[in-house]
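A.B. asks: Can you read through this structure? Questions will come right after.
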Amino acid sequence: MLEQQLINGLMLGGIYVLVAVAFTLTIGILNFLNFSIPGIFMLSGVFTWFLLKSGVHWALALAGAIAIGAAASFVVERFTYRWMRSSDHYVPLVSSMGFLILFENLVLVQWGSDLQRVVTPFADLNIRPGSLVISIPQLVSLVLAVCLVAGLQQLLQRTQMGRALRAIAENATTAEILGIGVVSLVPAVFVIGGLFAALGGMLFALNYQQVHPFMGEEVALKGISAMVIGGMGNVWGSVLGGLLIGIVEVLSIHFLNADFVDFTVYGLLLLILFFKPTGLLGASKIVREKF
């Protein structure tokens with residue numbers, strides 16, 4: 001039924017929202033497209049499976065998986081952006097892509113390329129309003145994604161750290177001249193983005209109960225598309241874009257079949273960019289509409 005498919009699409013969109021926000025943070029503040037985010041998403045998902053399989057209590061397993069993702073993001077900042085930001089703009093980008101490949105191959109060597117099934121204690125937690133079925137873990141994922149974005153918005157708008165980050169987004173050189181600690185704040189951008197990506201990977205593993213070394217790549221493409229559709233640099237645009245892509249993907253499977261998913265999702269991306277190149281919530285001057 002159509003109502004059930006719309007619910008499924010919103011739930012899937014919550015995962016895309018988290019990934020899109022992770023991309024939005026680095027490109028909105030640092031003008032840097034961090035290609036390691038799919039690898040961080042994957043690491044968190046895979047370690048969720050591994051820790052649960054190893055008998056670790058589910059609360060510690062989930063916290064550990066998110067912490068591993070945040071730590072991986074911090075390592076990326078140290079060995080890509082910090083070391084290479086004075087190089088040509090494409091050098092850190094290529095280096096971050098190298099980390100994606102490194103993360104994928106480390107997992108590939110350790111656990112192989114097979115699809116691993118995640119056994120969770122939440123598999124049968126559902127609520128049934130009428131004939132609809134809503135998975136509680138998926139509902140928590142969606143609500144958590146929106147609440148975290150709202151919290152991030154408040155941090156960026158109302159705190160001293162947020163004002164400093166917005167100054168860096170406007171012009172990092174000027175911000176440094178004005179006494180803002182750019183070098184000390186950049187790791188925070190990476191870690192916050194890593195937390196969003198890691199949370200997305202952990203929730204994906206719990207909700208869809210499967211992980212593999214390359215699980216981040218397809219989700220990342222949808223996350224980037226969500227960021228662009230919503231308006232680059234706009235966190236609420238990422239929410240809109242992520243939910244829209246989730247709904248379109250599920251409806252494509254419902255009305256057509258799985259073979260048409262990429263055609264409809266990326267066709268929607270091209271259509272929106274054709275009529276509004278800055279995205280749905282973007283403006284002619286993207287910098288003025290950040291966050």
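Derivation of every value follows stated rules applied to the coordinates shown; laboratory data play no part. Just so you know, these numbers come straight off a predicted model, no measurement behind them. Quick reminder, even Gly has a Cβ in these numbers, built from the backbone with ideal geometry, and neighbours come from all protein chains shown.
A.B. asks: Please order T278, T80, T24 by the number of other Cβ within 10 Å, starting at the fewest. Working shown, then result.
C.D. replies: Values: T278 19, T80 24, T24 32.
Ranked by crowding around the Cβ, least crowded first: T278, T80, T24.
A.B. asks: Using a Förster distance of 45 Å, how high is the FRET efficiency between F122 and L280, based on the Cβ-Cβ distance and rounded to 0.05? List each step's numbers first, then the result.
C.D. replies: Details: r = 33 Å, r/R0 = 0.74.
So the FRET efficiency works out to roughly 0.85.
A.B. asks: For M161, M42, M97, what ranking results if the residue with the fewest other Cβ atoms within 10 Å of its Cβ goes first?
C.D. replies: M161, M97, M42
A.B. asks: Can you work out the Karplus-derived ³J(HN,Hα) for every residue in region 112-117? Use 6.51 cos²θ - 1.76 cosθ + 1.60 with θ = phi - 60°, whole Hz, and x for glycine or proline.
C.D. replies: So the Karplus estimates, Gly and Pro as x, are x, 9, 5, 5, 9, 8 Hz.
A.B. asks: Oh, and also: What's the angle, to the nearest 10 degrees (0 to 90), between helix 136-158's Cα axis and the longest principal axis of the chain?
C.D. replies: 10
A.B. asks: Give me V140, V76, V17 ranked fewest to most by other Cβ atoms within 10 Å of their Cβ, as a rough exposure proxy.
C.D. replies: Sorted ascending by nearby Cβ count, the order is V140, V76, V17.
A.B. asks: Next question. May I ask you to evaluate 6.51 cos²θ - 1.76 cosθ + 1.60, the Karplus curve with θ = phi - 60°, for each residue of region 42-56 and list the ³J(HN,Hα) values in order in whole Hz, giving x for glycine and proline?
C.D. replies: Rounded to whole hertz, the list is 5, 4, 5, x, 5, 6, 4, 4, 5, 5, 5, 5, 7, x, 5.
A.B. asks: So what is the relative contact order for region 25-139, in percent, with contacts set as C-alpha pairs under 8 Å and at least six apart?
C.D. replies: Numbers: 95 pairs, mean separation 34.8, N = 115.
The normalised contact order for region 25-139 reaches 30 percent.
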